[in-house]
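The values are calculated or read from the model by the stated rules, or taken from the named source; none is laboratory data. Since the structure is predicted, the reported quantities are computational estimates derived from the model, not experimental observations. All Cβ positions, even for glycine, are placed from backbone atoms using ideal geometry, and neighbour counts span all protein chains on display.
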Amino acid sequence: MLEVERIDVFYGEFQAIFGLDLNVKESETVIAVGPNGAGKSTLLKAITGVQPPKRGRITFMGRSIEKLPAHTIVELGIAHVPEGGKPFPHLTVFENLKIGSFIRRARIDFKEVLEQVYHLFPRLHERHRQLADTLSGGERQMLAIARSLMSRPKLILLDEPSSGLAPMVVSMLFEFVRKIKSEGYAILMVEQNARKALQLCDRAYLLESGKVRLEGERDSFSQEAPVRQAYIGI
């Protein structure tokens, strides 16, 4: 589904990603873990066209996308949930979800998709008239993920979804991600909470200094010494 091949990504003269390879298959959940500054968020920005790679190739569903504008990439079926979620604070839950369905194919099926989203996130249905700014941190992150589903994506990119949340809320959030996974969505998630993320992923990558240091299936990846010592705390 998604193939990232030997990409180099720069911010001006500063190189943030070096020859990075990564792939996500259909209905697969892949995580990228690593320290701050490892290039995790930059990877997602490169995929979505926000920070295009200077070199390398990114293909999605067999189509080259590394030179496409961000809005076209969204229309192809990639949804990006940035760190912190960033719902529109002075709009209601319903209005935020409606904004998520701005592309044409999503507008056509708006009522059907909204019903599916409310089924996945019943708490949002209960609060559909409530302003996003009045929601708890976990509910705002839930709303951001739900808003991404409104565009009917094939692949969802999650950037540090547990960042800044209390431990109990983090567990709830990962349960919501598990629900999305069970619906058959492909997910690429960058996350510092490796212990939680590894419980639901199929494969994982360890990024350090803009490069892939390790990759593998969940169980084998979890047994690697650098992962156990630095990211799982064993």
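Observations, loosely collected:
- The range 18-50, residues that are under 21 Å from Cys201 (Cβ atoms) and touching a helix residue (DSSP H, G or I) at 6+ places or on another chain (Cβ under 6 Å): Thr29, Ile31, Ala32, Val33, Gly34, Thr48
- Residue within the range 110-127 that is touching a Pro at 6+ places or on another chain (Cβ under 6 Å), of a type in the set (A, V, I, L, M) and assigned to a helix (DSSP H, G or I) present: no
- Test: residue in the range 120-143 that is among the aromatic types (Phe, Trp, Tyr), buried (at least 17 other Cβ atoms within 10 Å of the Cβ), in contact with a strand residue (DSSP E or B) (Cβ under 6 Å, 6 or more places away or on another chain) and touching a residue at least 24 places away in the same chain (Cβ under 8 Å): no
- From Ile103, Ile108, Ile73, Ile99, residue being at pLDDT 90 or above and either hydrophobic (A, V, I, L, M, F, W, C) or closer than 21 Å to Leu158 by Cα (or both): Ile73
- If the condition is being acidic (Asp, Glu) and surrounded by 20 or more Cβ atoms within 10 Å (Cβ to Cβ), then the range 49-94 contributes only Glu66.
- The range 185-234, residues that are at pLDDT 90 or above, under 24 Å from Ala79 (Cα atoms), in a loop (DSSP other than H, G, I, E, B) and out of contact with any helix residue (DSSP H, G or I) (no Cβ under 7 Å at 6 or more places or on another chain): Tyr185, Gly210
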